[in-house]
Amino acid sequence: MENDKLSRLLPDDVDRKEADSLDATWRMLGAIDAPAADSDRMRARLDAVLDAVEHAAPPAPRRWLGRRDLAAGGYAMQGLAVAAVLVVGIAIGRFVVPDPTRPADSSSEIAAMRGEMRELREMVSLSLMQQQSASDRLKGVTWTGQLDRPSGEVISALVDALIHDPNVNVRLATIDALERFASREDVRRATIEAVDRQMSPLVQIALIDFLVKTNERRSAPTLKRLAQDPQVNDAVRSRAAWGLQQLG
Amino acid sequence: MFTESDGTVTDETLMEAVRNGDLAKLGILFERHHQALFDFLVRMTSSSSTAEDLVQDVFVRVLKYRGTWRGEGRFDTWLFRIARNARADYFRTRPPNAPIDEADQYPSHAPLPGDLLARNRDVAQLQRALMLLREDKRELIVLARYRGMKLEAIADLLGIEVGTVKVRIHRAVKELRDIFLRLSESPSWKTTNSVGSCPTT
C-alpha cells in the first residue's frame, strides 16, 4: 500500500530518529486486521431499499407473490400465496362455471371477490410488517401501496412502524406510504409526534418535508424547537427552519 | 472523463446516471465501494453490526441526496464525507457502546478485530491503544494507514491543508505510540487485558 512508509506522510522538519521510531508503530498497525464485510447480506439490504424506492410511487399494478417474496417470507408467505391462489381460483370458478342453483348476480360476485382480494392483500401486508427481518417489513410497507382503501388496522400498523420500527429504511418507506393518508387526523398527529421522537436525521428531514407538504401548521412549535436546538443535527435544524418559513 | 484507461466506467459517470434516475447503477457503486466503507467504519466503531448499518445508511443517503451530486470532485471523497457524517449522526444520540437499531438482530458473523488478534499481545495492545485514541486522530490514522488515502485526498475530505494533515498525522501517531507504551508498562494489562488473553508470542 502506498502509505506503508510513514515518513512520507510526516512534516519535513520531523527528526529522523523520531520518524523511525514512529514508523515502527506505523508498521505494526499493518498487522491489525479487520473483519470482512458480509457483502451478500449488505447487498440484499440495499436491493430491498432500491426495490422499495422503485415501487414506492405510484403504486402501479404489479405481480402477486413472486419467487423472491416466497423465498423471503418462508412458509408463512407460501401459505398466504396458496390462500391467494385459492381465493382467485374460487372466484374464477364461480364465473366460469355458474352455479345453476343461484341467481345470476355478477356485480355482487365481483364486489365480493374484490373484497376478498383486498382482505388478502391487507393480510399479506400486515404479516410482512410483523416480520423480524427489516427487508420483509420494508416489503410489507411497500405492499400497502397496492391497497385501494386500506383498513384502519393497516394505517395503524404504518403509524406504529413510523414511530417504533428500529430500522431507518422502514421508517422512511413508511413516511412515503403514509402520504396517501395525510388527510387523516391520526396520521397527521403521528407525524408531528414522530418528528420530535426520531433519532435519525434522515427520517426527521423526510418528516419535515411531509409536514410542509401537508401544510400541517400545528407542527410549527415542534419545528421551532428543532430549529433552535443546538444539539440537533445541522441539516435537521436548517430543514426545520426552512419548514417553519414554508408554513408561514 | 467517462471511462478509466482500461475502459471501466468511472464512479463519477455512474453517480451521474444515478442522479438522473438510473438507480440500478447504485448497485455497481455499492460493489466497488462497500468493502472500503465497511473497513473504515468497522475500524472506527469496533463493531461489525454498527459498521454494516452505517454502510447501509451511507448508500441510502446517496440515494436520497443524489440530486446534490454536482460531479465536481471525486466520488469516493464525496462518499467518505457522507460516511463521516453518517457516523457522527449515529453516535450523536447514542453512547458508542449502546445497542443500536437492529444490531442485536444482526449478530456479526465475522469475529471482531480484537478476537482476530488475541494471539498477538503487542498487536492487540496497539489495537486497544488505537481505540483509546481521540476519534479525530484515530480517523486520520485509519484513512492514511488502512484506506491508503493520499494526503491530498485526506485534506480534501477534511477540508484542511495538506501541511495540516501531515502535522496532525504526526501528532496522532505520536500519541498512539505513547498510549501503546503506557499500556505495555501497565501491570494490569499483563493479567487482565480486555482485548485478548492469549499468551505473548
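Only the coordinates and a few stated rules stand behind these numbers; no lab work does. For clarity, every value in this text was computed on a predicted model and none was experimentally measured. When we count neighbours, we look across all protein chains shown, and the Cβ atoms used for this are built from the backbone with ideal geometry, even at glycine.
Assorted remarks:
- Average partner coverage of A:20-32, which counts Cβ from other chains inside 10 Å: 6
- Filtered GluC sites (Glu not before Pro), segment A:135-206: DSSP coil and at most 10 other beta carbons within 10 Å: none
- With K and R counted +1 and D and E -1, the other residues having a Cβ less than 15 Å from that of A:Gln245 yield a net charge of +3.
- Peptide A:129-136, shielding by other chains (average Cβ, 10 Å cutoff): 1
- Cβ crowding within 10 Å, taken as a proxy for footprinting-reagent exposure, orders B:Lys166, A:Lys139, B:Lys150 from fewest neighbours to most as B:Lys150, B:Lys166, A:Lys139.
- Pairs over the 21 Å Cα-Cα cut-off, from the set B:Lys64/B:Lys137; A:Lys213/B:Lys25; A:Lys139/B:Lys64; B:Lys137/B:Lys166; A:Lys224/B:Lys64; B:Lys25/B:Lys64: B:Lys64/B:Lys137; A:Lys213/B:Lys25; A:Lys224/B:Lys64.
- Average beta-carbon neighbours from other chains, 10 Å sphere, peptide A:141-149: 0
- Taken about its Cα centre, segment B:11-54 carries a charge dipole of about 60 debye when Lys and Arg each add +1 at the Cβ and Asp and Glu each add -1 at the Cβ.
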